[in-house]
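Asks: Before I ask anything, here is the structure I am working with.
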Amino acid sequence: MSAILDNAALRGASPAGALELTEHAEGSTLRVPASASASAFASAYASAPAPSLPRFDETEIDQLFAAPRTPALWGVGFAAALAWAAFGSITLRWPNKVVGFADWAFTDELGVFALVVAALLAVLSVSGRATPPLLRLREALTGAGPWLVAIPVALSAWEILTAKTGTLPTPFFAPPQALIEVYTEDWRRLGDSAVNTLKLLGLGFGFGAIAGFLIGVSIGWSRAIGYWVHPVLRVLGPVPATALLPLTFYFFPSSYSAAAFLIALSTAFPVAVLTWSGVAGVNKSYYDVARTLGASEAFLVLRVAIPAALPNVFVGLFMGLGASFSVLVTAEMMGVKSGLGWYLTWAQGWASYVNMYAALIVMALLFSGVITLLFTVRDRALAWQKGTVKW
């Protein structure tokens, strides 16, 4: 027979507010009040019919009761519910200060959304004795509790300073609901710009990462190659890639290919330097052991040097990715005909600052997602090195 202790019930999450130990094979359940101590549970457990429940000793029961119990009220969640309710009330009940000929669109929709979030958080904040699905959602949001309070407070201040009082003047500043209008009405142009930015970033970063990796391995492994390439890296590597914009626009057939080259250049330098450092820093005893076992030069490079240098390679990739972001936006502003950088320039030309803010938010989320993806790749690629290197 298999005994299963429901952890959610143990923390006081059962509908009856009780602790339950259930034998699923026979449908037998032992229930005691949620406020019961370990000794009270042990006493009730000992008096239960022997065939209906498997036997646990007192040590195991004490370990079960050592797990933290979810409190009935989630204080931070309740504070977040009040903050979102206040934001929704301000948005709905406080009239907008009309500037120009039309009121701000999507004001009512934003206020209703805030009140719905407030209601959901209010339910979760008192769900300490609720059903397991609500409890799991509450536990997932617990770590973000302070942010759930800070976000509506910031949105309320933003709403008051723009739509309600006009303290921050238009068109330089716009309320939160103006962003909703941009995303609903200009989503096609904004989406195309984001896709084209990703394409250009992927092309430039991919070529730069490959070139930097090959250069780094070459100069780290071969002294002859390092003799010629290392001085070039030392002289040209620190030069900002954006300083080469005039030259690249002259030599390359299109602004798109010039932008891809600049992104690749900004990525290749840190990847090459860090890869070279990683290969050169491999413990020489690794090579000696491999040679003793008959390893060839190709085996030493592919199976010893490169795997040992991978942590440094990923550090270089992260540095190159950060540099490529700035070069990407600059190149798109200067000549590329589509992309988030181009969108920023286009919006500025029309004095549509709310479109600029919308594009900046998309850009931040996009670049953050790319970095998160690289972290995921790093974790998968270096999973075998956990415990041997410091993460």
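The values are calculated or read from the model by the stated rules, or taken from the named source; none is laboratory data. The structure displayed is predicted, hence computed values, not measured ones. Please note: Cβ atoms are built from the backbone with ideal geometry, for glycine as well, and neighbour counts cover all protein chains shown. Only protein heavy atoms, including side chains, enter the accessible area calculation; ligands, DNA and RNA are left aside. Shrake-Rupley method; radii C 1.70, N 1.55, O 1.52, S 1.80 Å.
Asks: I'd like to check something: does the range 102-120 contain any residue that is outside any loop (DSSP other than H, G, I, E, B), more than 15 Å from Ala86 (Cα to Cα) and β-branched (Val, Ile, Thr)?
Replies: Scanning the range 102-120 turns up no residue that is outside any loop (DSSP other than H, G, I, E, B), more than 15 Å from Ala86 (Cα to Cα) and β-branched (Val, Ile, Thr).
Asks: Right, something else. Starting from residues that are in a helix (DSSP H, G or I) and without any contact (Cβ under 8 Å) to a residue 60 or more places away in the chain, keep the ones in the range 152-184 and report whichever is farthest from Leu82 (Cα to Cα).
Replies: Here is the first cut: in the range 152-184, the residues in a helix (DSSP H, G or I) are 152-164, 176-184.
Filter again for without any contact (Cβ under 8 Å) to a residue 60 or more places away in the chain, leaving 154, 157-158, 161-162.
Values: Ala154: 14, Ala157: 15, Trp158: 17, Leu161: 20, Thr162: 22 Å.
For the range 152-184, the residue satisfying everything is Thr162.
Asks: I've got another one for you. Restricting to the range 74-95, name every residue that is exposed (fewer than 11 other Cβ atoms within 10 Å of the Cβ) and modelled with pLDDT under 90. It would help to see each step written out before you state the result.
Replies: Applying the first criterion (exposed (fewer than 11 other Cβ atoms within 10 Å of the Cβ)) to the range 74-95 yields 75, 93, 95.
The one that is exposed (fewer than 11 other Cβ atoms within 10 Å of the Cβ) and modelled with pLDDT under 90: Gly75.
This table checks each residue for (1) aromatic (Phe, Trp, Tyr); (2) under 25 Å from the mean Cα position of the chain (by Cα); (3) open to solvent by less than 20 Å² (accessible area, probe 1.4 Å); (4) modelled with pLDDT under 90.
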{"site": "Leu120", "(1), (2), (3), (4)": "no, yes, no, no"}
{"site": "Ser127", "(1), (2), (3), (4)": "no, no, yes, yes"}
{"site": "Thr131", "(1), (2), (3), (4)": "no, no, no, yes"}
{"site": "Arg138", "(1), (2), (3), (4)": "no, yes, yes, yes"}
{"site": "Leu148", "(1), (2), (3), (4)": "no, yes, no, no"}
{"site": "Ala154", "(1), (2), (3), (4)": "no, yes, no, no"}
{"site": "Glu159", "(1), (2), (3), (4)": "no, no, yes, no"}
{"site": "Thr167", "(1), (2), (3), (4)": "no, no, no, no"}
{"site": "Thr170", "(1), (2), (3), (4)": "no, no, no, yes"}
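Asks: Looking for whichever is in a helix (DSSP H, G or I), under 24 Å from Val329 (Cα atoms), in the same structural domain as Leu317 (by the TED database) and open to solvent by 70 Å² or more (accessible area, probe 1.4 Å) here; the options are Tyr227, Tyr256. Which one fits? Give the derivation first.
Replies: Details: Tyr227 fails: under 24 Å from Val329 (Cα atoms).
The conditions single out Tyr256.
Asks: On the basis of being assigned to a loop (DSSP other than H, G, I, E, B) and under 23 Å from Leu214 (Cα atoms), does Val282 make the cut? Break it down into steps so the answer makes sense when it comes.
Replies: Details: assigned to a loop (DSSP other than H, G, I, E, B): yes; under 23 Å from Leu214 (Cα atoms): yes.
Criteria met by Val282.
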